[in-house]
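Engineer: Take a look at this one; I'll ask things after.
The values are calculated or read from the model by the stated rules, or taken from the named source; none is laboratory data. Note that this is a predicted model, so its numbers are computed, not measured. Backbone-built Cβ (ideal geometry, glycine too); neighbour counts: all protein chains shown. Areas reflect the complete protein model, heavy atoms only, side chains present, ligands, DNA and RNA absent. Shrake-Rupley method; radii C 1.70, N 1.55, O 1.52, S 1.80 Å.
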Amino acid sequence: MKLKTAVLTLGLVGVVALTGCKNNVVYRELGYDSYRERDYITAAEHFQAAVDKKPSDYRSQYYLGVTMLQLDKPIPAQTPLEQALALRPDDPEWTPRIADSLAEAYFQQERYETLYGFLDNMIQNYNQSSVDFLRKAKYMGLLGDADGQKTALQKAAYFAPEGDTTPYLAIADFYISVNDTPNAIQALRYGYYVDSTSDEVKDRLRGLGIVPGPTIADAPPKPELID
């Protein structure tokens with residue numbers, strides 16, 4: 001990894017030497033370096049320079065927003081994150097990451113109505129993805145809406161891809177937070193059925209006094225969902 005970074009740095013130096021100026025890629029890489037060193041002020045300056053050079057650089061837009069969040073500046077974070085989402089509206093890798101950070105920017109600004117609308121729009125625009133329901137569940141919990149959180153978690157499980165235990169672990173967390181151990185165990189039993197090789201599920205079961213094994217696996221129900 002260090003060798004790769006050194007080669008990349010030398011390459012960037014060569015680009016600067018040949019062109020006489022820094023392009024957006026050079027500024028973005030400098031931003032990455034500062035971000036990894038937790039020098040967020042300098043990182044923000046580099047990412048801003050990259051965006052100024054090339055506004056369509058969605059990576060720099062995203063990292064500028066994330067860096068602003070690290071600096072506890074959710075208002076300046078909002079615009080580059082919105083730009084990043086507009087530039088990458090349907091990318092399996094980038095869209096969820098951008099949406100997570102944009103939701104956090106709205107939350108930190110206490111723009112709760114905007115946040116509610118954004119969370120629902122992401123669900124509708126991306127065909128009710130499990131990831132989008134999990135994002136909604138997180139903020140329903142932070143906003144004290146336990147019923148809304150529970151419903152979003154149930155829908156996350158319903159729409160989860162095969163073998164994905166993430167929603168069941170989140171459901172278990174929810175029940176633990178309200179001191180409902182039996183339902184937490186039940187959620188983990190569903191998770192064990194979905195993926196009996198998951199070390200996290202097995203560790204969580206053991207932590208609640210349950211020995212993982214074939215007899216505790218339980219197929220999750222697939223009830224009809226009512227909007």
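Engineer: Has segment 49-56 got any residue that is crowded, with 21+ Cβ neighbours inside 10 Å, within 26 Å of PHE118 (Cβ to Cβ) and under 22 Å from the mean Cα position of the chain (by Cα)?
Structural biologist: No; the residues of segment 49-56 include none that is crowded, with 21+ Cβ neighbours inside 10 Å, within 26 Å of PHE118 (Cβ to Cβ) and under 22 Å from the mean Cα position of the chain (by Cα).
Engineer: Which of the residues spanning segment 94-118 are in contact with a Pro (Cβ under 6 Å, 6 or more places away or on another chain), open to solvent by less than 50 Å² (accessible area, probe 1.4 Å) and in a helix (DSSP H, G or I)?
Structural biologist: Residue satisfying the conditions is ALA105 alone.
Engineer: I would also like to ask the following. Any idea which of (1) closer than 30 Å to GLY117 by Cα; (2) under 22 Å from the mean Cα position of the chain (by Cα) is the one ASP199 doesn't satisfy?
Structural biologist: (1)
Engineer: Every residue in segment 107-153 that is β-branched (Val, Ile, Thr) and within 17 Å of the chain's Cα centre (by Cα), please.
Structural biologist: Residues satisfying the conditions are ILE123, VAL131.
Engineer: Being over 27 Å from GLU104 (Cα atoms), basic (Lys, Arg), touching an Asp or Glu at 6+ places or on another chain (Cβ under 9 Å) and surrounded by 17 or more Cβ atoms within 10 Å (Cβ to Cβ), is that true of even one residue in segment 136-145? Steps first, please.
Structural biologist: Kept after step one, since they are over 27 Å from GLU104 (Cα atoms), are these residues of segment 136-145: none.
No, segment 136-145 contains no residue that is over 27 Å from GLU104 (Cα atoms), basic (Lys, Arg), touching an Asp or Glu at 6+ places or on another chain (Cβ under 9 Å) and surrounded by 17 or more Cβ atoms within 10 Å (Cβ to Cβ).
Engineer: Filter segment 178-213 down to residues that are among the small types (Gly, Ala, Ser) and touching a residue at least 24 places away in the same chain (Cβ under 8 Å), then give me how many there are.
Structural biologist: Within segment 178-213, residues that are among the small types (Gly, Ala, Ser) and touching a residue at least 24 places away in the same chain (Cβ under 8 Å) number 3.
Engineer: Still on this model: Starting from segment 146-174, take each residue that is on the phi > 0 side of the Ramachandran plot and list its partners that are acidic (Asp, Glu), counting only C-beta distances under 8 angstrom and pairs at least six apart or across chains.
Structural biologist: Listed by first residue and then by second, the contacts come to GLY163/ASP195.
Engineer: While we're here: Going residue by residue through segment 62-75, is there one that turns out to be surrounded by 15 or more Cβ atoms within 10 Å (Cβ to Cβ), of a type in the set (Val, Ile, Thr), under 14 Å from the mean Cα position of the chain (by Cα) and modelled with pLDDT of 95 or more?
Structural biologist: Taking every residue of segment 62-75 in turn, at least one turns out to be surrounded by 15 or more Cβ atoms within 10 Å (Cβ to Cβ), of a type in the set (Val, Ile, Thr), under 14 Å from the mean Cα position of the chain (by Cα) and modelled with pLDDT of 95 or more.
Engineer: Does any residue of segment 164-180 turn out to be part of a loop (DSSP other than H, G, I, E, B) and under 25 Å from ASP91 (Cβ atoms)?
Structural biologist: For segment 164-180, residues part of a loop (DSSP other than H, G, I, E, B) and under 25 Å from ASP91 (Cβ atoms): present.
Listed here are the residues, each with its yes/no results for (1) open to solvent by less than 70 Å² (accessible area, probe 1.4 Å); (2) closer than 26 Å to GLY148 by Cα; (3) not polar (S, T, N, Q).
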residue: ASP164; (1), (2), (3): yes, yes, yes
residue: ASP173; (1), (2), (3): no, yes, yes
residue: ASP199; (1), (2), (3): no, no, yes
residue: ARG206; (1), (2), (3): no, no, yes
